[in-house]
Amino acid sequence: MLTYMALDWDNQAARSAKLKALADYYHQPDFTAFKMLGADVMAPTKTGGKQKLIINSHSNANVFAGYSPESFLTQLMSKGFAEGSFPEIYLMACKVGEASQNNSIITNFARDLKRLLVGHGITAKLYAPRGILTYSLERKQASGQTYYTVTEMFIKAPERNYPLDEGMLLIT
């Protein structure tokens, strides 16, 4: 399941291109705005516990879509999220899993969320980018409309740029 938490200032055409790129990368048939999801869509009885949960938004090391880890988990639970809903969760947003080569970063949004998940008995694997989730966009025009396509996705970290599969960290 691919969902996103849009912010008021999002460029919708660019967001749509980024979501399409994520859907293609993770082999998801479509994507839905989080606020449009039904109240029980993430319940284990609805998901079957076999699909990945991929959530995209803006973030930093402390918040995801403006939510603290506690508030974010509350948002997920409001959609039926519980143990067994998803075996894997991917937080697709900048710096939520920020890491450094010398392990000097002690806490970040993803680690705090992982502690909360464990505290609620939720054993899903949690993945987050080690740095800044970056998209290279190509702007195009057709029939008087502007649209974008993503030409590259990678994780920008101080030491180097990582391909998406290498830049995602399993949060423990």
>> Scan region 109-121 and tell me whether some residue there is farther than 24 Å from N11 by Cβ, touching a residue at least 40 places away in the same chain (Cβ under 8 Å), of a type in the set (G, A, S) and assigned to a loop (DSSP other than H, G, I, E, B).
In response: no
> Of all the residues that make up region 104-136, how many are farther than 20 Å from V63 by Cα and either charged (D, E, K, R) or at pLDDT below 95 (or both)?
Replying inline: 0
>> Which count do you get for residues in region 36-66 that are free of Cβ contacts under 8 Å to residues at least 12 places away in the same chain and either closer than 17 Å to Y90 by Cα or not polar (S, T, N, Q) (or both)?
In response: 2
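The values are calculated or read from the model by the stated rules, or taken from the named source; none is laboratory data. Remember, it's a predicted structure, so these values are computed and weren't measured experimentally. Don't worry about glycine lacking a Cβ; one is built from the backbone with ideal geometry, like all the others, and counts go over all protein chains shown.
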